[in-house]
Amino acid sequence: MLRAYEYRCCVCGFDLRIGNISAGLEAAHIQWFTADGPDVESNGMAMCSLHHKIFDLGAFTVEPANLSIVFSQNLQLGDATRSNLLSYHGAGIIRPQSTVYAPQKTYLDWHAKEVFKAPGRD
Ligand SMILES: [Zn+2]
């Protein structure tokens, strides 16, 4: 999974390595493992710890049609967080290095329905 995304967060591009060790980067399930989401590349995305955590909390989702990032309207955030976090709203994820790893619509639909705190921002 991390290799599919070339060891960087698909949202922000975070790719810290300490020596040969990738730090703060995680494989995020789209449809949760605990909700029968399979352990396959197309059900996952590489994300930094922050983006993984808030993806699992439904702060944002990824549109299946164009793989763009959509943030929830239900966020309270100050200026610094706003300018950092919401700068990714509407942007496309950094794509995996092969389309065979691309997130599948089925799993993104599950995330949008079961996890994302709708409605999304315009
Ligand atoms: Zn990130």
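Are there any trypsin sites (Lys or Arg not before Pro) in the range 82-121 that are in a DSSP loop and have at most 11 other Cβ atoms within 10 Å? List them by number.
Those that pass, being in a loop and sparsely packed, number zero.
Using Cα pairs under 8 angstrom and six or more residues apart, how large is the relative contact order of the chain, in percent?
31
Viscosity 1.306 mPa s, temperature 10 °C: Stokes-Einstein D of the chain from its Kirkwood Cα radius, in µm² per second?
Using the Kirkwood radius from Cα pairs, D works out to 110 µm²/s.
Just 76, 104, 31 to compare: in a GNM of the chain, with alpha carbon springs under 10 Å, which one fluctuates most?
76
In the chain, with Lys and Arg counted as +1 and Asp and Glu as -1 at Cβ, which of these residues, 24, 81, 110, has the Cα nearest the positive end of the dipole, that is, farthest along it?
Of the listed residues, the answer is 81.
Roughly to the nearest percent, how much of the accessible area of the chain is carbon and sulfur, given a 1.4 Å probe?
51
Treat each spin label as a single point 7 Å out from the Cα along the C-beta direction, and report the residue 34 to residue 53 distance in nm.
Between residue 34 and residue 53, the label points sit 1.7 nm apart.
Mind giving me the FRET efficiency for residue 2 and residue 79? R0 is 22 Å, r the Cβ-Cβ distance, nearest 0.05 is fine.
0.10
Please list, in chain and number order, the residues 5+ apart from residue 48 or on another chain whose amide H is under 5 Å from its amide H, with Hs placed from the backbone.
Here 9, 10, 11, 12, 26 satisfy the definition.
Roughly how far apart, in whole Å, are the Cα centres of the range 30-75 and the range 86-122?
6
Residue by residue, what Karplus-based ³J(HN,Hα) values in Hz, rounded to whole numbers, does the range 76-82 have, using 6.51, -1.76 and 1.60 with θ = phi - 60° and x for Gly and Pro?
Whole-Hz 3J(HN,Hα) from phi for the range 76-82: 10, 8, x, 4, 5, 5, 4.
The values are calculated or read from the model by the stated rules, or taken from the named source; none is laboratory data. Note that this is a predicted model, so its numbers are computed, not measured. With ideal geometry, Cβ positions are generated from the backbone for all residues, glycine too; neighbour counts draw on all protein chains shown. Side chains are part of the model used for accessible areas, which takes the heavy atoms of the whole protein and leaves out ligands, DNA and RNA. Shrake-Rupley method; radii C 1.70, N 1.55, O 1.52, S 1.80 Å.
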